[in-house]
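Q: Here it is, the structure, as structure tokens.
The values are calculated or read from the model by the stated rules, or taken from the named source; none is laboratory data. All figures in this text were calculated on a predicted structure; none of them were measured in a lab. Cβ placement follows ideal geometry from the backbone for every residue including glycine, while neighbour counts extend to all protein chains displayed. Areas reflect the complete protein model, heavy atoms only, side chains present, ligands, DNA and RNA absent. Shrake-Rupley method; radii C 1.70, N 1.55, O 1.52, S 1.80 Å.
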Amino acid sequence: MIEKIYIPTLKRFDRQTTWENLPEFLRERAVLVVQPAEKDLHGDKPVLVLPENDCGIHNTRKFIWAHAQEKIHIVADDDLQFRDRNFGYGINLTKEDADYSYTNNKTKVPMTEDNWRFFEETTCQWFEEGVAFSGMKLANRSPTMWHNGYVNNTSVFCLYVFNGKILPKVDELDWSLRLAEDAHLVLQLLRKGYSNKIWDKFCVQSNQFTKGGCNTYRTIDDVNRSHLELTMKHPEYVELSGYPKRVGDIQKVKVRWNKAYKDYIKKGTGKIIE
């Protein structure tokens with residue numbers, strides 16, 4: 001069972017997209033993670049108050065990690081919509097059924113309450129089998145393992161499901177990157193041998209560049225600097241991808257997520273979780 005859902009939020013008290021798009025049975029387990037200055041701005045929604053204002057998303061994630069230790073929990077951005085891009089089908093399809101579904105179901109539909117119950121039940125089953133964390137692929141990314149409905153040991157952004165019962169303690173991880181902190185966390189976990197299964201059937205649609213959130217302080221220069229820092233933290237698995245075409249463009253990176261996990265296995269400890 002997913003015990004808690006944490007939604008860090010900043011300067012979006014007038015629009016809580018993720019909260020509104022959760023089914024009622026999960027909304028009852030959700031809490032908004034807010035800075036002290038906003039603790040009274042969210043009406044009757046439950047809030048968890050951070051120790052200080054202007055602490056940055058990296059310290060917010062660190063605070064949530066410590067608070068959620070030993071819990072199976074979700075951490076979700078505050079601007080998400082949830083989609084089923086293989087509606088009418090489950091997972092582990094034949095190639096023929098998957099191709100038919102992909103051809104005939106081009107439109108992603110909102111996740112239903114039944115979808116969410118299936119998502120929770122299946123994800124927790126994965127955890128019982130040894131998977132350490134999960135989440136959903138981004139809706140604008142093409143499916144990579146379409147017939148399975150999930151991908152092993154890959155990237156995840158915006159929505160994470162963590163098995164806090166087996167993951168490292170907060171002081172065993174590095175929280176120093178102010179931005180790209182999510183990619184840094186995922187890479188640390190994979191490199192420590194914690195496997196993931198990321199949903200491809202269910203996906204998130206994010207409006208991350210709208211007013212509020214990290215956009216209150218994040219600049220293109222900040223993003224590019226964080227991408228460079230990420231390459232320095234994980235030189236074997238992250239490299240800059242070309243150069244920005246124009247001043248003001250984001251410096252993209254190429255990340256070898258699966259290699260980060262498999263290299264841990266090659267050291268002779270653990271096993272591949274498929």
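Let's see how each residue does on (1) in a helix (DSSP H, G or I); (2) farther than 19 Å from PHE157 by Cβ; (3) touching a Cys at 6+ places or on another chain (Cβ under 9 Å); (4) free of Cβ contacts under 8 Å to residues at least 60 places away in the same chain:
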residue: GLU20; (1), (2), (3), (4): yes, yes, no, yes
residue: VAL33; (1), (2), (3), (4): no, no, no, yes
residue: GLY43; (1), (2), (3), (4): no, yes, no, yes
residue: ALA66; (1), (2), (3), (4): yes, yes, no, no
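Q: Just to be sure before I move on: is LEU10 surrounded by 17 or more Cβ atoms within 10 Å (Cβ to Cβ), among the aliphatic types (A, V, I, L, M) and within 23 Å of SER134 (Cα to Cα) in the structure I sent?
A: Numbers: surrounded by 17 or more Cβ atoms within 10 Å (Cβ to Cβ): yes; among the aliphatic types (A, V, I, L, M): yes; within 23 Å of SER134 (Cα to Cα): no.
No, not satisfied.
Q: While we're looking at this one, here's another question. Mind checking which strands (runs of 3 or more DSSP E) fall wholly inside segment 147-240 and carry at least 3 residues that are open to solvent by less than 30 Å² (accessible area, probe 1.4 Å) and modelled with pLDDT of 95 or more? If you could, list the steps in order and put the result at the bottom.
A: Working: elements: 150-152, 159-163, 196-206, 238-240.
The strands (runs of 3 or more DSSP E) meeting that bar are 159-163, 196-206.
Q: Among the residues of segment 113-137, which ones are open to solvent by less than 30 Å² (accessible area, probe 1.4 Å) and not in a helix (DSSP H, G or I)?
A: Once the filter is applied, which keeps residues that are open to solvent by less than 30 Å² (accessible area, probe 1.4 Å) and not in a helix (DSSP H, G or I), segment 113-137 yields VAL131, ALA132, PHE133, SER134, GLY135, MET136, LYS137.
Q: In addition: Kindly indicate the residue of segment 43-62 that is among the charged types (D, E, K, R) and touching a strand residue (DSSP E or B) at 6+ places or on another chain (Cβ under 9 Å) and also least open to solvent (accessible area, probe 1.4 Å) among those meeting that condition. Walk me through it before giving the result.
A: Here is the first cut: in segment 43-62, the residues among the charged types (D, E, K, R) are 44-45, 52, 54, 61-62.
Narrowing further to those that are touching a strand residue (DSSP E or B) at 6+ places or on another chain (Cβ under 9 Å): 45, 61.
Numbers: LYS45: 50, ARG61: 31 Å².
The extreme case among them is ARG61.
Q: With respect to ALA68, is the statement that it is modelled with pLDDT of 95 or more and surrounded by 15 or more Cβ atoms within 10 Å (Cβ to Cβ) true?
A: Numbers: modelled with pLDDT of 95 or more: yes; surrounded by 15 or more Cβ atoms within 10 Å (Cβ to Cβ): yes.
So ALA68 passes the test.
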